[in-house]
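One structure is given below, encoded as structure tokens.
The values are calculated or read from the model by the stated rules, or taken from the named source; none is laboratory data. Keep in mind that what you see is a predicted model, and the values were worked out from it rather than measured. Methodologically, a virtual Cβ is constructed for each residue, glycine included, from the backbone with ideal geometry; neighbour enumeration extends over all protein chains shown. With ligands, DNA and RNA removed, areas are computed over all heavy atoms of the protein, side chains included. Shrake-Rupley method; radii C 1.70, N 1.55, O 1.52, S 1.80 Å.
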Amino acid sequence: MKEKRIFDAITDVRDDLIEEAKSSRMNKSRPLWQKVAILAACVVLVVAGILLVPGLTKEDSKIGPLLDVVYPEVYAFDDYETRMAIRDQNPVDDAFIAAVNDFSYRTATLLLSDDGHNKSYSPLSLYYALALAASGAREDTAAELLDVLGVPDNETLMQQCGNLYRLLYHENNIGKLKIANSIWLDHDYRGQPVSFKDAFVKQAAEHFYASSHPVDFAQAETGKQIAAWIAEQTQGTLNPEIETDPEQILAIINTIYFYDQWVDRFAKKDTSEAVFHLVDGSEVKTDFMNQTFSSAGFSRGPNFTRAGLTLKNAAQMVFVLPDQGVSPYDLLASPDLTRLAIEGGDGYNGEVIWKIPKFSFSSVFDLKDTLVSLGVEKAFQQDADFSGITDHIAFISRIRQETHIAIDENGVEASAYTKIDYAGAAQPQGRAEMILDRPFIFAVIGQNGNLLFVGACENPTQ
Amino acid sequence: MEDTQIIELFWRRDESAIRATTTKYGRLLHSIAYHILANHEDSEECVSDACFRAWQTIPPQKPVSLTAYLGRIVRNISINRWHEKHAQKRYGGAEVLLSELGECVPAVETVEQEIDANELTAFISEWLIGQTKENRILFLRRYWFGDSVKSIAIHTGTAANKLSARLYRLRQDLKNVMEKEGIRL
């Protein structure tokens, strides 16, 4: 019985292989981060201040969240049917996707400036934070916010944000994309009561999955409480120091936490040290991941070559390599040029040689000036109308975004569908050398084209 | 208790070695036996027999991996018992395992001598080392530990049909490399 011989031979395979299989238990007990190819997190903090309006009765402070949220159900990464059902149940209009992307490119152009540092910006995170604020804005304040967000009214905004949220949200043993929102409300301003609208709290939970928390911004403990919530939502990736201000009555916080694995992982044995050329002409040495695809898509446009790496949960990370002598910021000089670099150019198919430096860095952006330059002025002024949130005169005093991004070799280890993509590939039309040994642009694009993160890497050792 | 301490107890001829082995490995060994025999009573007996066999063989043996050592014993005892039952038409779990492994049997006809058992083991070990870690673990969880595809699927959060397809490709790959090397069973 020949199969019995194989059975017996397997019985006697090397001890270390048995030990490996025993202890690994198919990687369930291993922390997920050990297999992460890309990890990115972002927090946007919108702080609202107040003008004192005396004479309102004081309400009792409540302990714990005013309203907690139940996140959408999660499903296995290869559960195609559920993914399609969620897509069908949560239609996102093309016009809305276009509006989000338009906002993304307009803001990215302003924020990704040539200051000698690596930068990673999450347009989607800012969009959600502003959308949540807009849902409580009225009159001119709302009009300005809706204008920059590119939607006609609050009803559309809330409905589309809710649908997009459910569409993007996923958590499985391969990857995770979680957008988490929260609102922090101080019911007391210098001994005077401040009341918030129940309708706002409810719609925030329904459309933005935002939990609501009563706090006292005069207490330093509140900053720690908010920081702990951010750390929890971003799995400890972000641990910002949150300064609170007694003048503050409201904080809106949006976090995006994302990790995923390359469909085609980079072999660690192929990672090697090489030189990265900085803008100032100096050089640094860093680890580069190497991989060659015999047949893959790439694009060429004016002054750049772009190619992408597919991630397991239907997202993609694209890298834009400026031509020699061209700065990444030349390609990011306007929203149209930024869009061209990330989406445009002429498509080809052929051999793609990858050489990508491993990197891990954090960025901080103060966003108020950027938004003011895009026409959002009223929301920052003391006569702002946030009467959908509170009858007090409230205005946004600060908006800040903090991000972290890291990439490494990991991905699914040569799984079944790793190579299927190449079956029936078109005839090679050239060859692209994505040798990212000089400053480059990257973007993480969600399943329906949303820019989750976009940035520039000037020095991977920073 | 650490494996080295258990082995030390065996070497001192301390009968608590059996209790320590049963406590630490009883469940795993039962699982391996059950996936071959599909019968709890028979599996229990195989585990008892395996512990007794360990008592008889340690010393002189001093296993490097107690898991592998005990697992091999229980696999051997269980598959032999399965053969007895098979002859009596009372077979269970191993029917499926052996049927799947039958797909690995190379179809080549060569004038080479049959590969001996040690060479075949070494060949399969090398083939496993050449696989990705994920595939190696999947293959051994299924064909060494005897885990069902369903339980692996639950454990990994992967659809069972995907794992079955992956196991099929692994069996085909093993068959192909054996054929390429002219191995005859």
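Numbers for the structure displayed
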read-out: Tally, over region A:100-122, of residues that are part of a helix (DSSP H, G or I) and open to solvent by less than 50 Å² (accessible area, probe 1.4 Å); value: 9
read-out: Some residue of region B:32-39 being exposed (fewer than 15 other Cβ atoms within 10 Å of the Cβ) and not aliphatic (A, V, I, L, M); value: no
read-out: Condition broken by residue A:386, with the remaining ones in (1) surrounded by fewer than 19 Cβ atoms within 10 Å (Cβ to Cβ); (2) of a type in the set (A, V, I, L, M, F, W, C); (3) over 14 Å from residue A:108 (Cα atoms); (4) in contact with a helix residue (DSSP H, G or I) (Cβ under 7 Å, 6 or more places away or on another chain) satisfied; value: (1)
read-out: Count of residues meeting criterion [in a loop (DSSP other than H, G, I, E, B), modelled with pLDDT under 50 and closer than 26 Å to residue B:27 by Cβ] in region A:1-58; value: 4
read-out: Failed condition for residue B:124, given (1) facing another protein chain (nearest Cβ under 9 Å); (2) within 23 Å of residue B:29 (Cβ to Cβ); (3) of a type in the set (A, V, I, L, M, F, W, C); (4) free of Cβ contacts under 8 Å to residues at least 24 places away in the same chain; value: (4)
read-out: Count - residues of region A:232-251 that are open to solvent by 70 Å² or more (accessible area, probe 1.4 Å) and among the polar types (S, T, N, Q); value: 2
read-out: Residue A:126 being in the same structural domain as residue A:212 (by TED's automatic domain parsing) and open to solvent by less than 10 Å² (accessible area, probe 1.4 Å); value: yes
read-out: Condition check for residue A:142: in the same structural domain as residue A:383 (by TED's automatic domain parsing), at pLDDT 95 or above, assigned to a helix (DSSP H, G or I) and closer than 25 Å to residue A:205 by Cα; value: no
read-out: Per-region count, region A:347-361, residues under 10 Å from residue A:299 (Cα atoms) and either free of Cβ contacts under 8 Å to residues at least 24 places away in the same chain or open to solvent by 50 Å² or more (accessible area, probe 1.4 Å) (or both); value: 2
read-out: Cross-chain or 6+ apart pairs with Cβ under 8 Å, region A:319-346 first and open to solvent by 10 Å² or more (accessible area, probe 1.4 Å), then aromatic (Phe, Trp, Tyr) and at pLDDT below 95; value: none
read-out: Every pair of residues 6+ apart whose Cβ atoms lie under 8 Å, when the first sits in region B:158-172 and is more than 9 Å from every other protein chain (Cβ to nearest Cβ) while the second is not in a helix (DSSP H, G or I); value: B:168/B:103; B:170/B:131; B:171/B:103; B:171/B:104; B:172/B:103
read-out: Test for residue B:79: is it of a type in the set (A, V, I, L, M, F, W, C), within 14 Å of another protein chain (Cβ to nearest Cβ) and either out of contact with any Lys or Arg (no Cβ under 9 Å at 6 or more places or on another chain) or in a helix (DSSP H, G or I) (or both); value: yes
read-out: Considering residues of region A:400-416 that are under 17 Å from residue A:311 (Cβ atoms) and open to solvent by 30 Å² or more (accessible area, probe 1.4 Å) only, the residue modelled with the lowest pLDDT; value: A:416
read-out: Residues (open to solvent by 10 Å² or more (accessible area, probe 1.4 Å) and part of a helix (DSSP H, G or I)) located in region B:48-76; value: B:48, B:49, B:52, B:53, B:55, B:56, B:57, B:69, B:72, B:73, B:76
read-out: Residue A:367 vs. criteria away from chain B (no Cβ under 14 Å), at pLDDT 85 or above, touching a Pro at 6+ places or on another chain (Cβ under 6 Å) and closer than 25 Å to residue A:127 by Cβ; value: no
read-out: Residue selected from region B:142-169 under the condition surrounded by 16 or more Cβ atoms within 10 Å (Cβ to Cβ) and among the β-branched types (Val, Ile, Thr), by the criterion nearest to residue B:94 (Cα to Cα); value: B:149
read-out: Scan of region A:171-188 for residues that are open to solvent by 10 Å² or more (accessible area, probe 1.4 Å) and farther than 19 Å from residue A:231 by Cα, ordered by number; value: A:172, A:173, A:174, A:187, A:188
